[in-house]
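Colleague: Structure below; questions to follow.
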Amino acid sequence: MTVIAELSLDLAGTTQKVTVRLFAPEELKDGPGWRCRYEIGEPISHDQDIYGEWSLQALMLALKGLSSDLYGSDEYKEGRLGIEGQFGGYLGIPAPNVFLNQAPYPF
């Protein structure tokens, strides 16, 4: 798998970074469609494969899933997740509309 985007987020009160990685979509070998994977490091510790009919669809759905997991995390809700020392705000990627009350940075 090829990493196409990576981001290191700050975790309040520590020097620890939360590493976020998005991988290039890959065509499925056992059938039609594409898979796109993302990973979020500790303490969120979540990874997921997202599937789409086309590579661009898989990529877009993976970005939305990644965004949902970040803005929906306890770390974000409690104001401990941030970027460049700014916590509880914009994380460098838009938030899904469902999070507008918590993260007004919509897709």
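Colleague: With the checklist (1) of a type in the set (S, T, N, Q); (2) within 17 Å of L11 (Cα to Cα); (3) touching an Asp or Glu at 6+ places or on another chain (Cβ under 8 Å) in hand, flag the one item Q48 doesn't pass.
Modeller: Every condition holds for Q48 apart from (2).
Colleague: In the range 52-67, which residues are under 21 Å from N101 (Cβ atoms) and either touching a residue at least 40 places away in the same chain (Cβ under 8 Å) or surrounded by fewer than 17 Cβ atoms within 10 Å (Cβ to Cβ) (or both)? Please lay out each step first, then the result.
Modeller: Applying the first criterion (under 21 Å from N101 (Cβ atoms)) to the range 52-67 yields 63-67.
L63, K64, L66, S67, listed by residue number.
Colleague: For the range 73-107, how many residues are assigned to a loop (DSSP other than H, G, I, E, B), in contact (Cβ under 8 Å) with a residue 24 or more places away in the chain and within 15 Å of L9 (Cα to Cα)?
Modeller: Qualifying residue count for the region: 9.
Colleague: Assuming I4 fulfils every condition listed in (1) modelled with pLDDT of 95 or more; (2) under 18 Å from P96 (Cα atoms) apart from one, which condition is it?
Modeller: (2)
Colleague: For the range 7-42, name all the residues that are loosely packed, with under 15 Cβ neighbours inside 10 Å and charged (D, E, K, R).
Modeller: Residues satisfying the conditions are K17, E27, K29, D30, E42.
The values are calculated or read from the model by the stated rules, or taken from the named source; none is laboratory data. The structure displayed is predicted, hence computed values, not measured ones. Glycine also receives a Cβ, built like all others from the backbone with ideal geometry; neighbour counts cover every protein chain displayed.
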